[in-house]
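One structure below.
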Amino acid sequence: MFVQGLLATSRYGVEWLSWAGIRMATPDAWGLGALVAALIALVQWPRAHLRWRWVVAAFLFATLSAWEGAIGRDSGPALNAVFFDVGQGGATLLTTPEEHHVLVDAGPRSPSGSAAEFVILPYLERWGIQELDAIIVTHPDEDHLGGVPALLREISVDRVLDNGRSASSELYEEFERLVEQSETSRKTVQRGDTLLTDSSVRIQILAPPRGESAQTKTKNNASVVLRASYGEVDFLLPGDIEARAERNLIRAYGKQLGSEIVKVPHHGSSTSSTPGFVQAVSDSSEGVHAVISVGQGDQYGMPHETVVSRWERHGMKVHSTAEDGAVWMRTNGQEVWQVHWK
């Protein structure tokens, strides 16, 4: 993977480096121990009797780090959500206890390539994922739809779900053409629809309301909003909805919006995360995590500091892909924790 990364950098240039999903995260305690042991082994290399002690120590630390990252605190059935670091955009992979894979959005693309090529596909290859049960496109903006064409070309996708709203762009036309040419089915989803991936996980569509997607003036407010539930834990993925759509959700669901993990709407924009919405999502849950998918040095000033502080005031632990890289959250249906895996 490291060699592939170097080749991609040389081919696509500096722009690729802004997609920090490939960045290595700060190592955990075991990983740090492995690094220190490896450095000492190098220093002691001329002394054979000391060298191998530190080589073995480095190997053991590295093994423990990999084990802890891959397994977490529970090796039993779990629902996983990986919030990829795709720069300015969004892409989240849900993996169910029965190994079904649902990708929500696929990040941006540019003349040098797409987030699917540089981030998502390498991840799928790394973990041996050869098929996606569904791709859910929350709305057809380039920073959410951009990677879908590459995925349709490179991997088997059973179905594509979206809000039925079109866009006047070459990207959208390419997306439609590839879906038609493939064996992938396509369906428009609306409030009340349910996606059953396996016996223990339910994905509910909370928005857009039936019949309103095409009429909604603001395309962000027509975003597909979904909630994935496993046991007592809910993941809320609201796309790029803004204040009006948030109020609509509050009227429709009230305290039922309470979730343990939420992807902050519209990358932390000041047009979203209204006080009422933040309260509805957080007040009925404990230990809530809020994940902001945003690029480093975002040109639009996101996430807005007022939005970040608003989530924090409600007891949320805020994660940012711009600062943390990809964020992997896991639940066994009762507890929620972050997996440190890179």
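The values are calculated or read from the model by the stated rules, or taken from the named source; none is laboratory data. Keep in mind that what you see is a predicted model, and the values were worked out from it rather than measured. All Cβ positions, even for glycine, are placed from backbone atoms using ideal geometry, and neighbour counts span all protein chains on display.
What number goes with the only condition from (1) at pLDDT 90 or above; (2) farther than 29 Å from Arg159 by Cβ; (3) not acidic (Asp, Glu) that Gly113 does not pass?
Looking at each condition in turn, Gly113 falls short on (2).
Could you grab me the full set of residues in segment 124-138 that are out of contact with any Lys or Arg (no Cβ under 6 Å at 6 or more places or on another chain) and buried (at least 19 other Cβ atoms within 10 Å of the Cβ)?
Scanning segment 124-138 gives Leu124, Leu132, Asp133, Ile135, Ile136, Val137, Thr138.
Test of understanding: among Ala150, Ala115, which residue is touching a residue at least 60 places away in the same chain (Cβ under 8 Å) and not β-branched (Val, Ile, Thr)?
Ala115
Being within 17 Å of the chain's Cα centre (by Cα) and buried (at least 22 other Cβ atoms within 10 Å of the Cβ) narrows it down to one residue among Val318, Val294, Val307; which is it?
Exactly one residue qualifies, and that residue is Val294.
Hey, could you check segment 232-262 for residues that are farther than 25 Å from Pro140 by Cβ and out of contact with any Leu (no Cβ under 8 Å at 6 or more places or on another chain) and say which is surrounded by the most Cβ atoms within 10 Å (Cβ to Cβ)?
So, considering only residues that are farther than 25 Å from Pro140 by Cβ and out of contact with any Leu (no Cβ under 8 Å at 6 or more places or on another chain), the one surrounded by the most Cβ atoms within 10 Å (Cβ to Cβ) is Asp234.
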